[in-house]
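Nothing in this text is a laboratory measurement; each read-out follows from the coordinates by a stated rule. Everything numeric here is computed off the predicted structure, so don't read it as measured data. For neighbour counting, all protein chains shown are included, and Cβ atoms are generated from backbone atoms with ideal geometry for every residue, glycine included.
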Amino acid sequence: MNGELLEKFLFNVAETGTAVPNNLADKREENEIKKKFLNKDAPNSLFAANYIASNYTDVDLIQSIIGQILSIYYKAGVLQLYALQFVPGFVSLYLLAVSKKQHKSISLFETFLTAIYNEEIVKDPETNEKKMEDIRIPSIRHHSVYHDPAKIQVQTDVPFVRTATITPVLNTLRFGPFPSISKMNGENKFMVLNRILFSVNESLFEVSSEVAARYVCLGTLSVCRSGFSFPETGFRKKVLESESQEVIEDFSKKPRQQVTAEFLNHLLRGCYLALFNGAADLALRAIDSRKERSQ
């Protein structure tokens with residue numbers, strides 16, 4: 001599939017996505033319909049993400065494709081979720097371009113990420129009212145859609161508490177509102193990236209794990225391993241019954257990417273959610289790399 005066929009595919013996604021119902025009374029049914037739509041197009045969506053990653057330095061080649069993804073995002077509903085699947089990969093490519101001083105690629109991704117950010121911080125477009133976000137800090141002893149050991153194949157000797165007498169949510173934090181911006185710069189760059197990753201993490205259990213969860217983990221591996229050389233530990237073997245034989249790119253020869261502690265925490269949260277939502281193997285690799293880099 002080349003760039004022209006990808007553009008046709010994205011055009012078809014935009015057309016068919018508008019028929020997916022939104023704001024149903026039964027939210028569980030609505031989420032199932034949306035997930036089915038996203039899973040149906042996941043293989044081609046993953047190909048599109050890989051195509052952009054392989055050609056991110058050729059701005060003329062990928063600009064129209066990224067423009068289509070942004071226009072899909074503006075259509076809201078399931079199409080907004082569809083576009084958010086690409087954001088982790090684009091954040092990773094942006095940081096790679098910054099580390100290599102590839103200015104054309106930087107400009108392209110900054111335009112996309114700025115547009116997404118300015119939409120994600122708004123609660124009511126008509127009044128321009130900004131969002132106040134809640135972060136619930138759950139007890140890891142209590143199962144939820146975010147962490148359920150039954151969703152991954154774990155070793156039988158790994159201890160998990162099956163019952164809990166404590167509240168499922170230990171605390172709730174509120175943050176926001178965020179200011180609108182016209183351009184990313186050194187001062188606001190990580191404010192933008194952190195806020196966008198928050199939106200991605202909030203949607204990880206709704207979207208296709210083949211795209212979003214995968215690229216959250218790959219992005220974490222890229223950030224934590226670029227410019228560093230350390231072997232993988234036996235962490236995965238201690239948790240999973242069987243390991244994937246997928247060969248991951250060697251990031252050690254790439255330049256180091258300068259990031260903040262808060263940004264790494266958002267990546268870690270994304271990996272944690274990916275662990276229980278379809279990308280356990282990659283998530284454990286990413287979590288392991290995050291630990292190794294911090295030492």
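Between Lys40 and Ala25, residue separation times 0.36 nm minus the direct Cα-Cα distance comes to 3.0 nm. Simple spin-label estimate for Asn185 and Glu246 gives 3.9 nm between the two label positions (7 Å along the Cα-to-Cβ direction from each Cα). Cα to Cα, under 15 Å, and not fewer than 8 places away if on the same chain: which aspartates and glutamates meet these conditions relative to Lys130? Straight-line reach from Lys130, under 15 Å: Glu119, Glu120.
Run the quick spin-label model on Gln295 and Leu173: label points 7 Å from Cα toward the beta carbon, then report their separation in nm to one decimal. It is 2.7 nm. I need the shape label for the chain. Rule: rounded when a/c is under 1.5, else prolate if a/b > b/c, else oblate, with a, b, c from the alpha carbon gyration tensor. Rounded is the answer for the chain, as its axis ratio a/c remains below 1.5. Reducing segment 54-99 and segment 210-246 to their Cα centroids gives an inter-centroid distance of 23 Å.
Computed over all pairs of different Cα atoms, the Kirkwood value for the hydrodynamic radius of segment 32-124 is 13.8 Å.
Exposed loop sites were defined as chymotrypsin sites (Phe, Trp or Tyr not before Pro) in DSSP loop states (anything but H, G, I, E or B) carrying at most 14 other C-beta atoms within 10 Å; in the chain the longest segment without such a site runs 75-159. This model, with +1 at the C-beta of Lys and Arg and -1 at the C-beta of Asp and Glu, gives the chain a dipole about its Cα centre of some 800 debye. Here the label points at Asn55 and Glu262, each 7 Å from Cα along the C-beta direction, are separated by 3.6 nm in the simple model.
Looking at the chain, identify the longest residue range that excludes and avoids all GluC sites (Glu not before Pro) in DSSP loops having at most 15 other Cβ atoms within 10 Å. The reported range is 1-125.
Counting neighbouring beta carbons within 10 Å and listing from fewest to most, the residues Ser64, Ser242 come out as Ser242, Ser64.
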